[in-house]
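Have a look at the structure below before the remarks.
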Amino acid sequence: MSKSEPEGNRRPADATGLSRRGLLGGGLAFAAGAATLAAGAAARAADGDPAIVEVQDWNRYLGDGVDARPYGMPSEYEAGVVRRNVPWLTADATSSVNFTPIQDLDGIITPNGLCFERHHAGIAEIDPAQHRLMVNGLVDTPLVFTMEDLARFPRENRVYFLECAANTGMEWRGAQLNGCQFTHGMVHCVMYTGVPLRTVLQEAGLRDGAAWLLAEGADASAMTRSIPLEKALDDCLLAFKMNGEALRPEQGYPLRLVVPGWEGNMWVKWLRRLEVGDQPWHQREETSKYTDLLADGRARRFTWVMDVKSVITAPSPQVPVRHGRGPLVISGLAWSGNGRIRQVDVSLDGGRNWRTARIDGASLPKALHRFYLDIDWDGSEMLLQSRAVDEAGFVQPTKAALRAARGENSIYHNNGIQTWLVRSEGSVENVEVS
Ligand code: MTE
Ligand code: CO
């Protein structure tokens, strides 16, 4: 399999947020032994370290006042923490995708400006005062809502991951992209504020025979997706806020459909219309549905739920181990469209032995989970893997098991176990173990 190195996946040396002086500080050695480090003792002696013995500029001069930054941005030292695309994947940027820098993030919430973007016809820039949501089809009363109307329904706050069905799709036939941003970065997780879809459908009144919902976007692709009414009445949201502020234009401002646990393409952005029907629209228009082509030529359909999955985000190719042997925090993300993550195991030897990782922070259904395994690294080569189990009992499969079941024609729904080779000197590479 050909290896490729997409442009821009190198991490700028100054993007770590660490002072190089602090790291390299004139021959200052680590305090003796990993145990001391782990205990939180100072890793370096103060003598001669300019970061300690010299007064720094930021300590000497007044900083910007409160009005200098009406909308705050990250430190300039974090300039390398950005969404990135893989230019050769698509013909142009309007129908394309970029990737969340999951290798640089922690916790379970994705900052709004870093949520990956997937557009079929670019970003629609919508004046919310001109935006309408129409509900028609098999309803008692067809209705049209303004954004102000929607804000008068009781609303809810819920945290969900969104994963594009094509996430990890480039890895079906072998290890290809050197960084979890590119292999697993078509995922984000935010807190949505919105009105349950059920509330608005009940307001319109469902007629006999109502079984499916067509959701349509107001962007230039007027993207439509069919959703079974059962799901629409269960946990879908009409969301207008993410992480407390208005949706970003990239994420569907002013209104998007949230379809928890299901593939990202159904989460219609810039939502303008909901039509209730008695059959799925994709039986008429084959284009409005993703399918998974199997080895024997048949295709899987209705593969809406995103299966249990996990990935180690650090160390990973874009975040090598810079500090050598000793205490090492192995960190990653796990998620499942079936609900909560019950357990994550981590292997250091390519899947022969497993240790249970620590899930830290909130464990919410259909949301990202953060796990850690804190080890004392002896500096020998590692084949890092993570394997998640969800509350429905599904276990993340190996890539070999996945290929045996589905062949290699698929693009979508690759939830196989990822392997990172960590070399003794700390560099990390995307590999596969047999
Ligand atoms: N909705 C509209 N209107 N147009 C689109 O192109 N792309 C879909 C979905 N909703 C799309 C859309 C796809 S394929 C995905 S994976 C998600 O939006 C991506 O959501 P995000 O851009 O917020 O990450
Ligand atoms: Co998608």
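Laboratory data are not the source of any read-out in this text; all were calculated from the coordinates shown. Computed from a predicted structure; not experimentally measured. So basically every Cβ, Gly included, is an ideal-geometry build from the backbone, and we count neighbours across all protein chains shown.
Our note on the geometry: Cα centres of segment 375-391 and segment 287-340, 15 Å apart.
Taking a ≥ b ≥ c as the square roots of the eigenvalues of the Cα gyration tensor, segment 42-139 is classed as prolate, since a/c reaches at least 1.5 and a/b is larger than b/c. Ordered from longest to shortest, the equivalent ellipsoid semi-axes for segment 162-224 are 36, 15, 12 Å, each the square root of 5 times a Cα gyration tensor eigenvalue. Taking packing as the residue-averaged number of other Cβ atoms within 10 angstrom, the listed peptides 112-125, 304-317, 144-157 run from highest to lowest as 304-317, 112-125, 144-157. Residue exposure proxy: Arg301, Arg325, Arg272, ordered by other Cβ atoms within 10 angstrom of their Cβ from fewest to most, comes out as Arg301, Arg325, Arg272. Label positions at Val431 and Ala93, each projected 7 Å from the Cα along the C-beta direction, are separated by 3.6 nm. Considering only alpha-carbon pairs that sit under 8 angstrom and 6 or more positions apart, the relative contact order computed for the chain is 16 percent. Roughly what % of Cα-Cα distances in segment 102-220 sit above 27 Å, to the whole percent? Of the Cα pairs, 37 percent sit more than 27 Å apart.
Across segment 306-434, Cα-Cα distances exceeding 21 Å account for 38% of all pairs.
Across the options His323, Trp354, Val139, the greatest Cα extent toward the positive end of the charge dipole of the chain (unit charges at beta carbon of Lys, Arg, Asp, Glu) belongs to Trp354. Checking the Cα-Cα distances for Lys241/Lys269; Lys269/Lys309; Lys366/Lys399 against a 19 Å cut-off, the pairs over it are Lys269/Lys309; Lys366/Lys399. Select from Ala401, Ala357, Ala388 the residue whose mean-square fluctuation is largest in a Gaussian network model of the chain (Cα-Cα springs shorter than 10 Å). Evaluated over the chain, the most mobile residue of the options is Ala401.
Neighbour counts of other Cβ atoms within 10 Å put Thr110, Thr90 in the fewest-to-most order Thr90, Thr110. With the convex hull constructed from alpha-carbon coordinates only, the chain shows a mean projected area of 24.0 nm² over all directions.
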